[in-house]
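Trainee: Mind looking over this structure? Questions follow.
The values are calculated or read from the model by the stated rules, or taken from the named source; none is laboratory data. Everything quoted here is computed from the prediction, not taken from an experiment. So basically every Cβ, Gly included, is an ideal-geometry build from the backbone, and we count neighbours across all protein chains shown.
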C-alpha cells in the first residue's frame, strides 16, 4: 500500500475488524469509521495514534478505502489518560436511568477538559457513568453549557443512546428552557430572535449578529417577571449556537445581567451571568415515555433576582 508503514501489532487491545463494502469504495478512512466509532473526530484521533490499520498497515486518515480492504481498530490504551477522579466537579443528578442522566451543573464548572481547565470538569465527575460519542474527551456529552451557566444537560450512558439523543437535538426534538434576567424591558411580552450568529467582525472573541460567517440561530423568549430596571425572561432555544442566548439578547438591546462579555459584570452582586438552564423535556430514546426535568434557580441567582426586585426604578 503506497505510503503505508508496517504495524504488525497496534498499541491497543481487542481490535474491532471491519470489511470495507462497495458503499465505502473511494471514501476517506476517517469518514468510513465515523459511524462505527460514534464521531469523525474520534476516528481521526485513533488513526493519528496508529490504532487503525488497513490490511495490516497504518495509513493516514486521508487514505481512500477500497472495497474488500480489512480495517482493524484497536482499543485505546486508557493508562495514559489523566486521572478523571482528580478534583472532580460536584455532581448533581436530576434524573437517572440505565440509558441516560440529566445533570444539574453548577456554575463555574466546565463540561470537559480544555486549556486552563484540566481538572474539576463534569466529564471527570461522570467517569464510569457516561458513554458514547467522543469517548476519551467528551464521553456521553450530548450538548454543553458555558462554564458560568448553571442548570440541566442530558448525558448518554451508551453509544446507541448518544446517537439517538444527538439526532433528536439536531431535529429540534429536545426542549431546552432557560431563565435569564436582562437589563431593561423588551416591548413585547414574547418574541423570536431570528438572526444568524458567528464571530464578531471587530472582536473575534465574541459571538455576534454582525458577522461574516453567520449560521442559522433562532431564540424564543417570553416575559416571566417585569421589574423596575430588569426583566426575567424564559428563553427557549430552537438552535444551539455558542453563546446564542447571550449574543441574541445583546443584539436586540437587552443584555443578560451580570454577563462580563455581553452585558454588565457585577450587577446585583453577581459574579457570573444570570443564565440558568431550568428545564429539559424530550421523549425517552427507549420509547418509555416523556422525560421532563426542571431545576429551580440556584441561590446566587435567586438572591440577585430579589435584589433586582427591590431596586428603585430609574427616573
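Trainee: If I ask for residues that are buried (at least 16 other Cβ atoms within 10 Å of the Cβ) and without any contact (Cβ under 8 Å) to a residue 40 or more places away in the chain, which ones from segment 19-30 would you list?
Mentor: 27, 28, 30
Trainee: Look at segment 35-52 and say how many of its residues are touching a strand residue (DSSP E or B) at 6+ places or on another chain (Cβ under 6 Å) and within 17 Å of residue 141 (Cα to Cα).
Mentor: Number of matching residues: 0.
Trainee: Take the conditions at pLDDT 75 or above, outside the structural domain of residue 158 (by TED's automatic domain parsing) and out of contact with any strand residue (DSSP E or B) (no Cβ under 9 Å at 6 or more places or on another chain) and apply them to residue 22. Does it pass?
Mentor: It is true that residue 22 is at pLDDT 75 or above, outside the structural domain of residue 158 (by TED's automatic domain parsing) and out of contact with any strand residue (DSSP E or B) (no Cβ under 9 Å at 6 or more places or on another chain).
Trainee: Something else now. Any chance you could count how many residues in segment 72-94 are surrounded by 14 or more Cβ atoms within 10 Å (Cβ to Cβ) and either touching a helix residue (DSSP H, G or I) at 6+ places or on another chain (Cβ under 7 Å) or at pLDDT below 80 (or both)?
Mentor: Total satisfying the criteria: 7.
Trainee: Here's something else I'd like to know. Could you go through segment 279-299 and let me know if any residue there is buried (at least 16 other Cβ atoms within 10 Å of the Cβ), touching a residue at least 60 places away in the same chain (Cβ under 8 Å) and in a helix (DSSP H, G or I).
Mentor: No: segment 279-299 contains no residue that is buried (at least 16 other Cβ atoms within 10 Å of the Cβ), touching a residue at least 60 places away in the same chain (Cβ under 8 Å) and in a helix (DSSP H, G or I).
Yes or no, residue by residue, for (1) at pLDDT below 95; (2) more than 22 Å from residue 214 (Cβ to Cβ):
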{"position": "234", "(1), (2)": "no, yes"}
{"position": "247", "(1), (2)": "no, no"}
{"position": "250", "(1), (2)": "no, no"}
{"position": "253", "(1), (2)": "no, no"}
{"position": "263", "(1), (2)": "yes, no"}
{"position": "276", "(1), (2)": "no, yes"}
{"position": "280", "(1), (2)": "no, yes"}
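Trainee: Next question. For residues in segment 234-247 being touching a residue at least 60 places away in the same chain (Cβ under 8 Å) and part of a strand (DSSP E or B), which is nearest to the chain's Cα centre (by Cα)?
Mentor: Looking at residues that are touching a residue at least 60 places away in the same chain (Cβ under 8 Å) and part of a strand (DSSP E or B), I get 237.
Trainee: Could you tell me which of the residues 176, 189 is assigned by TED's automatic domain parsing to the domain that holds residue 250 and surrounded by fewer than 18 Cβ atoms within 10 Å (Cβ to Cβ)?
Mentor: 189
Trainee: Can you run down the residue pairs with Cβ atoms below 8 Å, 6 or more apart or on separate chains, where the first is in segment 248-273 and in the same structural domain as residue 232 (by TED's automatic domain parsing) and more than 11 Å from residue 182 (Cβ to Cβ) and the partner is surrounded by fewer than 20 Cβ atoms within 10 Å (Cβ to Cβ) and modelled with pLDDT under 90?
Mentor: 261/205; 268/311; 272/108
Trainee: Which number in (1) surrounded by fewer than 17 Cβ atoms within 10 Å (Cβ to Cβ); (2) modelled with pLDDT of 95 or more; (3) over 18 Å from the mean Cα position of the chain (by Cα) marks the one condition that residue 195 misses?
Mentor: (1)
Trainee: Report, by residue number, each residue of segment 228-242 that is touching a strand residue (DSSP E or B) at 6+ places or on another chain (Cβ under 8 Å) and surrounded by fewer than 18 Cβ atoms within 10 Å (Cβ to Cβ).
Mentor: 229, 234, 236, 238, 239, 240, 242
Trainee: Out of everything in segment 187-209 that is in contact (Cβ under 8 Å) with a residue 40 or more places away in the chain and in contact with a helix residue (DSSP H, G or I) (Cβ under 9 Å, 6 or more places away or on another chain), what residue ends up being farthest from residue 242 (Cα to Cα)?
Mentor: So, considering only residues that are in contact (Cβ under 8 Å) with a residue 40 or more places away in the chain and in contact with a helix residue (DSSP H, G or I) (Cβ under 9 Å, 6 or more places away or on another chain), the one farthest from residue 242 (Cα to Cα) is 193.
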